[in-house]
Structures are given as C-alpha cells and as structure tokens.
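A.B. asks: Quick one: the structure is below, questions incoming.
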Amino acid sequence: MQLDLYYFQPLATNSARVFLALLEKGVNFTEHAMFGPHFDHLKPAYLAINPKGQVPTLVCDGDVLTEGMLINEYIDEAFDGPALRPADPLDRFAMRRWCSYAENDLGRAVMMINWNRVVPDIAGNRAPEEMEKLLENVPDPDRRRSWLRAFRQTTPPAEIEESHKRLIEGCRLTEARLARHRWLAGDAYSLADIDFMCFCGLIADWMPELMNASTTPATMEWLARIEARPAVRELRERTQGLLM
Ligand SMILES: N[C@@H](CCC(=O)N[C@@H](CS)C(=O)NCC(=O)O)C(=O)O
C-alpha cells in the first residue's frame, strides 16, 4: 500500500502523533513535510488533498484520511506491529477518553496559549496587509478567526486565562491518573500516551512551573519512559528546527 503523510515540521502536536504511531508500528510511508511559516498548508496543491487546509493528512492508496485521533486508530487496526490499543474494553474506553481529553480539552488549551505566542513569529517580516491577505485563504472560519486574533494579538486575556486554568486542572488530573497507572489507559502503552505526550508533554517545556519533578513526579517519570522509547527517539531525530 502506498502511504503518504502530509505533516508540519517541526514535528509536534497533531502531526507528531500520527508520525509517531507510524514509527511505533514500523510502517513505511512517504513524507511530505510542510512548513508553517511558508504557509504550505494553504497552497492550492495541498488544499486539493485536504480542503480544510489542516495537517496531518494520511493518503492511503488514494483514500484521504484526516483527524489525527481517527487516523491513529486506523493505523493500529490496519498494520502489523505492536498493538497501540488495549484489548480490554474498559481499558480501550480509558484510552479513547484520554485521547479525547488530550485533543479537545487540555491539548486545545495548550495550543491556544502557544498559538498566541508563535503566530507573530510565523508571520515573520510580512507586512500586516500581506499577512491578512494570506489568512483569507484559511478555509475554516473559526480557524481564520483564531489566526487573525493571534496575529493581531487581540485574543481576549480572559480566554487565555481560562486556558491557563484548564492546564492547571489538567496537570492535576493527569498526575493523579499516572500515580496509579503506569500508562494512561492502564498497563500498556497506547494511543492515549502518544496523544498526551504530543499535546501535553509540551507543558513541561513551556510551563515548567506547572509540570515538574516536585509538583507532578509521576507525570515526569511517565514522560521519561516515553522519551526512552526507540520510536520517540527517532521522532526527535526527525524533528527539524525548534518548536517555537
Ligand atoms: N482535528 C484535527 C486538527 C488538526 C490541526 O489543528 N492541525 C493544525 C496543526 S497542529 C493545523 O493544521 N493548523 C493550521 C490551521 O488550522 O490553519 C486533527 O486532529 O488532525
């Protein structure tokens, strides 16, 4: 089967989780790296593949798959290699619950805070008119609005504060879970750990006051276990540039 993965460099969040699932399964795929500051994801060639203009996209023999969480379930189901979903139905539920929490709640708060930090850098030296013209090509109106608010730095402080509160609560919940279980879904490493590491592992780097060895020791040990995995080491080696 011909697999083509379209993803953002540097590898993080949504792109990293699918890239990592493929590495964990030992699946061969063709890489199509895209660069945020070049706005490759808004170019007509890519919009013809994914009209939402978002990454990652996995194309399997011409079938276009989007939504990282669903792509990863497909990868685990379709390919040989170590299982990334628990067999026990309740553990599998826990996996899905934590994946959903990572994506829709805690991960969204992390991304919102980071987005407001990095978009001015992504814009680079472009004049405001040029940047705003470029952003007219963002197909999804909600995404267009958040790009514009981040670029103009007009996101209401109360919304950023709300995201901070979610991070504090998320770090507490995760720590409580990992103090009782080796992995988020129970006894085995799963897609939940992949998602959580890709979205929320960033908190340890960006906001060490919230995630650190004294406040969240079980989470830090879990992160160290993940970073020692060969596939994660390979992911780090394949990451070009620095996370902004
Ligand atoms: N729900 C989608 C979200 C994908 C997403 O937000 N990707 C970001 C990169 S991490 C993106 O493409 N951002 C560009 C934009 O939204 O305009 C998924 O799970 O794959």
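A.B. asks: Here's a check for you: in region 84-108, which residue that is acidic (Asp, Glu) and in contact with a strand residue (DSSP E or B) (Cβ under 8 Å, 6 or more places away or on another chain) is nearest to the ligand (Cβ to nearest atom)?
C.D. replies: Step by step, filter region 84-108, then rank; the result is ASP91.
A.B. asks: Report, by residue number, each residue of region 47-56 that is out of contact with any helix residue (DSSP H, G or I) (no Cβ under 6 Å at 6 or more places or on another chain), within 12 Å of the ligand (Cβ to nearest atom) and under 29 Å from ASP80 (Cα atoms).
C.D. replies: Selection gives ASN50, GLN54.
A.B. asks: Hey, another quick one. Search region 1-36 for residues being among the β-branched types (Val, Ile, Thr) and within 16 Å of the ligand (Cβ to nearest atom), and hand back the single one that is surrounded by the most Cβ atoms within 10 Å (Cβ to Cβ).
C.D. replies: Here the residue is VAL18.
A.B. asks: If the requirement is being within 23 Å of GLY68 (Cβ to Cβ) and not in a helix (DSSP H, G or I), which of these qualifies: ALA150, ALA188?
C.D. replies: The conditions single out ALA188.
A.B. asks: From LEU184, LEU191, which residue is crowded, with 19+ Cβ neighbours inside 10 Å, within 16 Å of the ligand (Cβ to nearest atom) and on the phi < 0 side of the Ramachandran plot?
C.D. replies: Selected residue: LEU191, the only one of LEU184, LEU191 that is crowded, with 19+ Cβ neighbours inside 10 Å, within 16 Å of the ligand (Cβ to nearest atom) and on the phi < 0 side of the Ramachandran plot.
A.B. asks: Residues in region 31-90 that are more than 26 Å from ASP193 (Cβ to Cβ) and out of contact with any Phe, Trp or Tyr (no Cβ under 9 Å at 6 or more places or on another chain): how many?
C.D. replies: Going through region 31-90 one residue at a time, the tally reaches 15.
A.B. asks: Next question, about the same structure. Please go through region 57-83 and give me each residue that is within 16 Å of the ligand (Cβ to nearest atom) and part of a loop (DSSP other than H, G, I, E, B), ordered by number.
C.D. replies: The answer is GLU67, and nothing else.
A.B. asks: Within region 65-85, is even one residue closer than 17 Å to LEU191 by Cβ, among the aromatic types (Phe, Trp, Tyr) and surrounded by 18 or more Cβ atoms within 10 Å (Cβ to Cβ)?
C.D. replies: No.
A.B. asks: Looking at region 118-145, which of the residues that are under 17 Å from the mean Cα position of the chain (by Cα) and over 30 Å from TYR189 (Cβ atoms) is surrounded by the fewest Cβ atoms within 10 Å (Cβ to Cβ)?
C.D. replies: Among those that are under 17 Å from the mean Cα position of the chain (by Cα) and over 30 Å from TYR189 (Cβ atoms), it is ARG143.
The numbers here are math on the coordinates, done by the rules we state, and not lab data. The structure displayed is predicted, hence computed values, not measured ones. No Cβ is skipped: glycine too gets one built from the backbone with ideal geometry, and neighbour counts run over all protein chains shown.
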